[in-house]
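Novice: Before I ask anything, here is the structure I am working with.
The values are calculated or read from the model by the stated rules, or taken from the named source; none is laboratory data. Keep in mind the model is a prediction, meaning the values are calculated, not measured. Here the Cβ positions follow ideal geometry from the backbone for every residue, glycine too, while neighbour counts run over all protein chains shown. Ligands, DNA and RNA are stripped out before the accessible areas are found, and what is left, the full protein with its side chains, is counted by its heavy atoms. Shrake-Rupley method; radii C 1.70, N 1.55, O 1.52, S 1.80 Å.
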Amino acid sequence: MDLFEYQGKQYFARYGIPTSPGGVASTADEAVAQAEAAGYPVVVKAQVKVGGRGKAGGIKLAADAEEVRRHAGAILGMDIKGHVVHRLWIEHASDIAEEYYASFTLDRPAKTYLGMLSAEGGVEIEEVAATNPGAIARLHVDPVRGLDVEAARRWADEAGLPDAARDPAAEVLVALYRCYEEGDCDLAEINPLILTTGGRVHALDAKVTLDDNARFRHREWEEFAATETEDPREQMARDKGLNYVGLSGDVGIIANGAGLAMSTCDVVSQVGGAPANFLDIGGGANADVMSAALEVINADPSVRAIFVNIFGGITRVDEVAKGVIEALGRVDLRSPIVLRLDGTNVQEGRALLQPHLSERLMAEATMLEAARRSVALAAAGERGSEERA
Ligand code: GDP
Ligand code: MN
């Protein structure tokens, strides 16, 4: 779950990471009230879950109420990379001497935590990595040992932070690590981390991604979840207890087992198609689960063909076939289905399906053939809808 900047800063505050005083507003009047409370000058900041707000005109300094009102009016409703601004964060403006970058994330290949620190902050880290990779000091942190202030100081030196910033920056880095580790983040990023003209180091921005797998032990995340603008497809799937990830293509995918579902997405891509989703229905494939899966896929307007890829292991193929047939009686599908069923009792399963096969329900013997067929059907569906339009 990604947090808005203001939520990220609230989260930072729990771990003692210094930020500027401020408040949330969703109207120009509220923005002025928050500015009065924070003290002028202030920064008016668009709250959207996307980077580069500054460049897009979503971050403005304001010296008085009139300027706050003007900027708030202009930024509310603004579209930043497809994200419409409904909320603002108003904070007391900082006097910036220098801008740094700091983050913690998981280094999967190295199987440990990775901290990144750079004296070149404010710009996107991808840009620094591309143009000046030497400017990023990387630090692997052993999860058992953690990060202490001494190591953080050495790290700050290595990154080329000036002496004046070293000690306060080290404190922030230790706090950021705690936030990342104890706070169960996938990503905790501060860009820019600033040195003020007064010699303080604090977080001017916050980019936090929480690890959804840890949701069960964080009651306090509920307030973040409440403002989450989730993909409506994912919300529907979650309500039905399905393991679903929305993608941008037109071939709906249902498979049993996460590995098979991923392979199915790969094969569809390999034959030139684009998966509309990942959906793993798990071990059982009875009519209830299959109906739920088909309903979710059917509700996705981009879907033009559905590829159901089931390998019967403990779940026998004849049981799966019965489930599919019953589900088809319950759900009124917009798109044709291509089935690939294999595994235990495959002959019995295919025999059960045989009388139900049609132009709307096709069977293929292999995964590759089924992928080709569903991709071709999706393309034909696309042409059909263009002709109708
Ligand atoms: P992003 O563009 O979405 O990453 O938004 P940021 O919160 O990082 O802000 C972008 C830039 O706006 C920063 O790098 C700063 O240069 C500038 N900025 C943000 N807050 C302040 C502030 O309090 N004072 C000043 N002078 N500049 C600010
Ligand atoms: Mn930023």
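Novice: So if I check each of Ala214, Ala226, Ala305, which one is loosely packed, with under 15 Cβ neighbours inside 10 Å and at pLDDT 95 or above? It would help to see each step written out before you state the result.
Specialist: Working: Ala226 fails: at pLDDT 95 or above; Ala305 fails: loosely packed, with under 15 Cβ neighbours inside 10 Å.
Ala214 is the lone residue from the list that is loosely packed, with under 15 Cβ neighbours inside 10 Å and at pLDDT 95 or above.
Novice: Six or more apart or on different chains, Cβ atoms under 7 Å: show the pairs whose first residue is in segment 333-362 and under 21 Å from Glu382 (Cβ atoms) and in the same structural domain as Ile254 (by TED's automatic domain parsing) and whose second is surrounded by 16 or more Cβ atoms within 10 Å (Cβ to Cβ) and among the aromatic types (Phe, Trp, Tyr).
Specialist: These pairs meet every condition: Val338/Phe307.
Novice: Taking Tyr113 as the residue in question, decide whether it is out of contact with any Phe, Trp or Tyr (no Cβ under 9 Å at 6 or more places or on another chain), in contact (Cβ under 8 Å) with a residue 12 or more places away in the chain, in a strand (DSSP E or B) and within 28 Å of Asp184 (Cβ to Cβ).
Specialist: Working: out of contact with any Phe, Trp or Tyr (no Cβ under 9 Å at 6 or more places or on another chain): no; in contact (Cβ under 8 Å) with a residue 12 or more places away in the chain: yes; in a strand (DSSP E or B): yes; within 28 Å of Asp184 (Cβ to Cβ): yes.
Against the criterion (out of contact with any Phe, Trp or Tyr (no Cβ under 9 Å at 6 or more places or on another chain), in contact (Cβ under 8 Å) with a residue 12 or more places away in the chain, in a strand (DSSP E or B) and within 28 Å of Asp184 (Cβ to Cβ)), Tyr113 does not qualify.
Novice: Across segment 168-200, what is the number of residues that are within 16 Å of ligand 2 (Cβ to nearest atom) and open to solvent by less than 10 Å² (accessible area, probe 1.4 Å)? If you could, list the steps in order and put the result at the bottom.
Specialist: Residues of segment 168-200 that are within 16 Å of ligand 2 (Cβ to nearest atom), as a first pass: 172, 176, 187-195.
Restricting the remaining residues to those that are open to solvent by less than 10 Å² (accessible area, probe 1.4 Å) gives 172, 176, 188, 190, 193-194.
Of the residues in that region, 6 qualify.
Novice: Give the number of residues within segment 44-68 that are away from ligand 2 (no atom under 12 Å from the Cβ) and not in a loop (DSSP other than H, G, I, E, B).
Specialist: Residues flagged as away from ligand 2 (no atom under 12 Å from the Cβ) and not in a loop (DSSP other than H, G, I, E, B) within segment 44-68 amount to 8.
Novice: Just to check your reading of the model, which residue among Val201, Val268 is within 30 Å of Lys322 (Cα to Cα) and not charged (D, E, K, R)?
Specialist: Numbers: Val201 fails: within 30 Å of Lys322 (Cα to Cα).
From the options Val201, Val268, the qualifying one is Val268.
Conditions tested, residue by residue: (1) in a strand (DSSP E or B); (2) under 31 Å from the mean Cα position of the chain (by Cα); (3) not acidic (Asp, Glu).
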{"position": "Val308", "(1), (2), (3)": "yes, yes, yes"}
{"position": "Ala321", "(1), (2), (3)": "no, no, yes"}
{"position": "Asp342", "(1), (2), (3)": "yes, no, no"}
{"position": "Gly349", "(1), (2), (3)": "no, no, yes"}
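Novice: Filter segment 71-110 for residues that are touching a residue at least 60 places away in the same chain (Cβ under 8 Å) and more than 15 Å from ligand 1 (Cβ to nearest atom); which is surrounded by the most Cβ atoms within 10 Å (Cβ to Cβ)? Spell out how you get there, then give the answer.
Specialist: Keep residues of segment 71-110 that are touching a residue at least 60 places away in the same chain (Cβ under 8 Å), which gives 86-106.
Filter once more, keeping what is more than 15 Å from ligand 1 (Cβ to nearest atom): 86, 104-106.
On the way: His86: 13, Phe104: 26, Thr105: 16, Leu106: 15.
Ranking the candidates gives Phe104 first.
Novice: Only residues that are more than 19 Å from Ala110 (Cβ to Cβ) and either within 16 Å of ligand 2 (Cβ to nearest atom) or in contact (Cβ under 8 Å) with a residue 12 or more places away in the chain (or both): list them for segment 127-146, please.
Specialist: Residues satisfying the conditions are Glu127, Val128, Asn132, Ala135.
Novice: Here is a follow-up. Can you name the residue in segment 229-263 that is open to solvent by 60 Å² or more (accessible area, probe 1.4 Å) and assigned to a strand (DSSP E or B) and, of all such residues, is nearest to Ile314 (Cα to Cα)?
Specialist: Asn243
Novice: Another question, if that's okay. Please go through segment 147-167 and pick out each residue that is without any contact (Cβ under 8 Å) to a residue 60 or more places away in the chain, crowded, with 21+ Cβ neighbours inside 10 Å and not in a helix (DSSP H, G or I). Show your work before the answer.
Specialist: First, pick out the residues of segment 147-167 that are without any contact (Cβ under 8 Å) to a residue 60 or more places away in the chain: 147-160, 163-164, 166-167.
Now drop any that are not crowded, with 21+ Cβ neighbours inside 10 Å, which leaves 147, 152, 155-156, 159.
Once the filter is applied, which keeps residues that are without any contact (Cβ under 8 Å) to a residue 60 or more places away in the chain, crowded, with 21+ Cβ neighbours inside 10 Å and not in a helix (DSSP H, G or I), segment 147-167 yields Leu147, Ala159.
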